[in-house]
Amino acid sequence: MDIKKSAPISVISIQGQNCTGCVTSTLCSEYPSIENLLLRDIIPGHKLEFAFHPNIMTASGKLAMEILENAAKKKGYVLIIDGAIPTASNGVYCITGEKDGRKYTILEETLKLSLDAMIVIALGTCASFGGIAAGNPNPTGAQSVGDVFSANDIKTPLINIPGCPPHPDWLFGTIEEILTGGLENVQLDDFKRPKTYFGKLIHENCPNRAYFDEGKFAKKLGDEGCLYELGCKGPITYADCPKRLWNGRTNWVIGCGAPCNSCTSPEYPDFLGDFYERIIDLEVPANKRKAKIQENKFLGR
Amino acid sequence: MKKIVIHPITRIEGHLKVEAIVDNGQVKDANISGTMFRGIEIMLKGRDPRDSVMITQRICGVCPEPHAIASVSAVDDYAGLTDKIPKNGILMRNLILGTRSIADHILHFYILSGLDYIDPVKVLEYEGGNRNLNALKYFLQQGYSRPFLPRDDIDYKFDAKTTNTIVGHYIKALDIYRKSQQAATIFGGKWPHDAAIVAGGVTEKLTADKITEFIWRLEEILDFVKNCYLPDAIAVAKTYSEYLEIGRGCGNLLAYDSYRIKSNGNYNDTLLKGGLVDNIDKYSEIDINKITEDVTHSWYEDSEPLHPGSGETEPAPEKEAGYSWIKSPRYNGKVYETGPVADVLSTYFGKQDPYIINAVNSALSEIGTDISGMYSVAGRHLGRALSTEIMADQLLKWARELKAGEATAVEYIPPSEGKGIGLCSAPRGALGHWLNVKDGRIYNYQVITPTAWNASPKDKDGQPGPYEQALIGLEIKESSRPIEILRVIRSFDPCTACAVHMVTPKRDTIARYKIV
């Protein structure tokens, strides 16, 4: 087999208000494995170069800041941001590093590094939609990358890969789509999520769907039946978990008998009601969310 | 006098900064600073108590499972379910926590700390058939080097042969990490952030094939722990033997009871025995009512040190005396370190378990040190490896006790009011969750994490936290590349997202958080 090699694509990863769960999730990628991603190719002929990644790079401190600066000089990199961006008090709630006595916030780094990126990937629900970090009452003014882009008129292409955590295939699969098919051909939904992974509701592919259709609902955890009455948010959640499964296809949320809590949705975690209570006041399946109504109900309880 | 600032500290969880004042090559003072503020507890107010198990896992994506266990224990406690959890439920929770902790320790030793001791570039001299090493060699030969280079040149001490063995384990560790998480997911549902852990037990139904699959997956992990990880941790202690003296810290340890096991027919005993170990080897029982949190040098409005679950905290990012978002937990006003060394030694002295005494003593005699060697940089790596080995042996035993087809959970019928406490051993040490429920909703929720104990700033009496104490007195060879500081800090396995999880309510303009 002859493979034409293209120049390596530089990847810069920066972290805002995160829990590092997006990293530990992607660290469990199977195909490609992290070993192959680091040392070989993402797919034969296409190499990623991890120019800056706080969890795996050798260097710390000043040298790490210089590495970031130099990596950003080579335009056209992939910028991956996980965690939300706190915008209150000029971003003081997340300081990522310091050089020559000057402190840098994740807000500044996002604004600076986004400009010369080929694509910005907001990894995880915090970076995509604010998520847990922006949970009510959101005192740090935590925002999604998209909101920061709108507020600062940044036009760099953005893809959201939500999930708490995101599945590793959603990230690396999307990068593979970009490298092989071109960025312009990646189909996104209204929330900038790749349709390949977020095009269908959990409900549409759920193995418990037959139970739902025949009205057989579990009354308590552990019962046979659809988990709708126990709070499953599958009917309003876009993700391919039922088909893809998690962690080497060993299991997934509904597969282990627990209700989906809609972690890929913009409304997660505040505006969907209690995790173990039936979805209220939402159309099933729902394309139009009544998030505002939900919010009022939730806050007024 | 010279000030050394390291920010960011990479290869840890989260955002951390170190400032050290160095005079004549020796650290005179150190300030540890958590530089990211987010928050979880306030979000829980008003929610269904069961939701805390899902939400608090999101405090940390490196170690979510202990938050799930501490939180579910607090909810079980409040709901009066602790003694009703079916045997399968107890065992599966142990298996999820234990397997994921093993994964976490392996990740820490190789991926996070490894590059402080081994030089992957030496693989260029490698002549052999190991596929992983040859992939790395070819990678370097082609001129690639990120994320391993650029780096500061430091004193790598292993010879080429040992280096290549450990570098091979570094690459293999990525595979074992993935496989460990897969094994635990058989019971937990998903990594990270398990979905199957719920008040009353675990939702996953047990079948013989799942138990079999878990046991065989575990086999490969155990092999790696015994034949790679533990020997490599011992090799670091022997080769970098000066690090058995360096980074001693406060010399006092604190641990909580963890992993319920059977004794006289019920599950009221625990594998790991909590307690306090003062001045290297003086064991005593712990009274959690003596825990307080001090905010003298934290970016919060001043108040007296308070017990978790009482008091008021208001963030003050401009506070003059503040230098960290982390608070200072203290026990009876004293500084305590927590972590795997605390778990192992508290059980060693408090329970006198012959198996654990033997495991610790044989490793220490192989290295040629005694118990006091555990209080050091190399000792912390060893303690982590020993707790991994102890856990690995238990997991197989627990997996064999599972009964396919039998109940894994009991029904959750919540009282409208009540309080609950959940304590457990997280990979980084003692983790506590405090829950207070009124009218069926969460009224107050409080978490004290291991890294808050360890990375805490100075308190009102000027006592530095454990990281800071471990740095004070440290000899620095070259202030432009202070690898000594990084080795000390990483030996604690920092998890700063865990340490700083407080948040303030919006109420539109007023930022005020009241903990009642």
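Tabulated data
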| quantity | calculated |
| --- | --- |
| Odd one out for A:L39, checked against (1) within 24 Å of the chain's Cα centre (by Cα); (2) within 28 Å of A:D169 (Cβ to Cβ); (3) at the interface with chain B (Cβ under 7 Å from one of its Cβ atoms) | (1) |
| Qualifying residue in the stretch B:387-399 (condition: free of Cβ contacts under 8 Å to residues at least 60 places away in the same chain and closer than 20 Å to B:Y240 by Cβ) | no |
| Residues (surrounded by fewer than 24 Cβ atoms within 10 Å (Cβ to Cβ) and part of a strand (DSSP E or B)) located in the stretch B:320-339 | B:R330, B:Y331, B:K334 |
| Some residue of the stretch A:28-43 being touching a residue at least 60 places away in the same chain (Cβ under 8 Å) and surrounded by 23 or more Cβ atoms within 10 Å (Cβ to Cβ) | yes |
| Residue within the stretch A:202-213 that is more than 30 Å from A:S6 (Cα to Cα), within 14 Å of chain B (Cβ to nearest Cβ) and of a type in the set (A, V, I, L, M) present | yes |
| Where B:I356 falls short, out of the listed (1) more than 18 Å from B:G429 (Cα to Cα); (2) touching a residue at least 24 places away in the same chain (Cβ under 8 Å); (3) not charged (D, E, K, R) | (1) |
| Test: residue in the stretch A:183-202 that is buried (at least 22 other Cβ atoms within 10 Å of the Cβ) and at pLDDT below 95 | no |
| Members of the stretch A:203-218 that are assigned to a loop (DSSP other than H, G, I, E, B), out of contact with any Pro (no Cβ under 8 Å at 6 or more places or on another chain) and at pLDDT 95 or above | A:N208, A:K216, A:A218 |
| In the stretch A:51-61, the residues that are at the interface with chain B (Cβ under 7 Å from one of its Cβ atoms) and surrounded by 22 or more Cβ atoms within 10 Å (Cβ to Cβ) | A:A51, A:P54, A:M57, A:T58, A:A59, A:S60, A:G61 |
| Tally of residues being of a type in the set (G, A, S) and not in a loop (DSSP other than H, G, I, E, B) across the stretch A:8-65 | 7 |
| Filter pass, A:S6 being farther than 18 Å from B:I9 by Cβ and at the interface with chain B (Cβ under 10 Å from one of its Cβ atoms) | no |
| Residue in the stretch B:473-502 that is farthest from B:I12 (Cα to Cα), counting only those that are under 22 Å from the mean Cα position of the chain (by Cα), at pLDDT below 95 and not in a helix (DSSP H, G or I) | B:M502 |
| Selection within the stretch B:179-213 - of a type in the set (A, V, I, L, M) and either part of a loop (DSSP other than H, G, I, E, B) or touching a Pro at 6+ places or on another chain (Cβ under 6 Å) (or both) | B:A195, B:A196, B:A199, B:L206 |
| Unique residue being within 21 Å of B:L174 (Cβ to Cβ), of a type in the set (S, T, N, Q), touching a strand residue (DSSP E or B) at 6+ places or on another chain (Cβ under 6 Å) and at the interface with chain B (Cβ under 8 Å from one of its Cβ atoms) when the list is A:T24, A:T20, A:T96 | A:T20 |
| Some residue of the stretch A:188-200 being on the phi < 0 side of the Ramachandran plot, without any contact (Cβ under 8 Å) to a residue 24 or more places away in the chain and not polar (S, T, N, Q) | yes |
| Residues within the stretch B:192-229 that are within 7 Å of chain A (Cβ to nearest Cβ) and either out of contact with any strand residue (DSSP E or B) (no Cβ under 7 Å at 6 or more places or on another chain) or among the basic types (K, R) (or both), tallied | 5 |
| Top-ranked residue in the stretch A:225-260 [being of a type in the set (K, R) and outside any helix (DSSP H, G or I); ranked as farthest from the other protein chains (Cβ to nearest Cβ)] | A:K233 |
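Conditions tested, residue by residue: (1) facing chain A (nearest Cβ under 10 Å); (2) among the small types (G, A, S); (3) in contact with a Pro (Cβ under 7 Å, 6 or more places away or on another chain).
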residue	(1), (2), (3)
B:S71	no, yes, no
B:N94	no, no, no
B:I118	no, no, no
B:K122	no, no, no
B:Y138	yes, no, no
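The values are calculated or read from the model by the stated rules, or taken from the named source; none is laboratory data. Keep in mind that this is a model prediction, so the values were computed, not measured. Cβ atoms come from the backbone with ideal geometry, glycine included; neighbour counts cover every protein chain shown.
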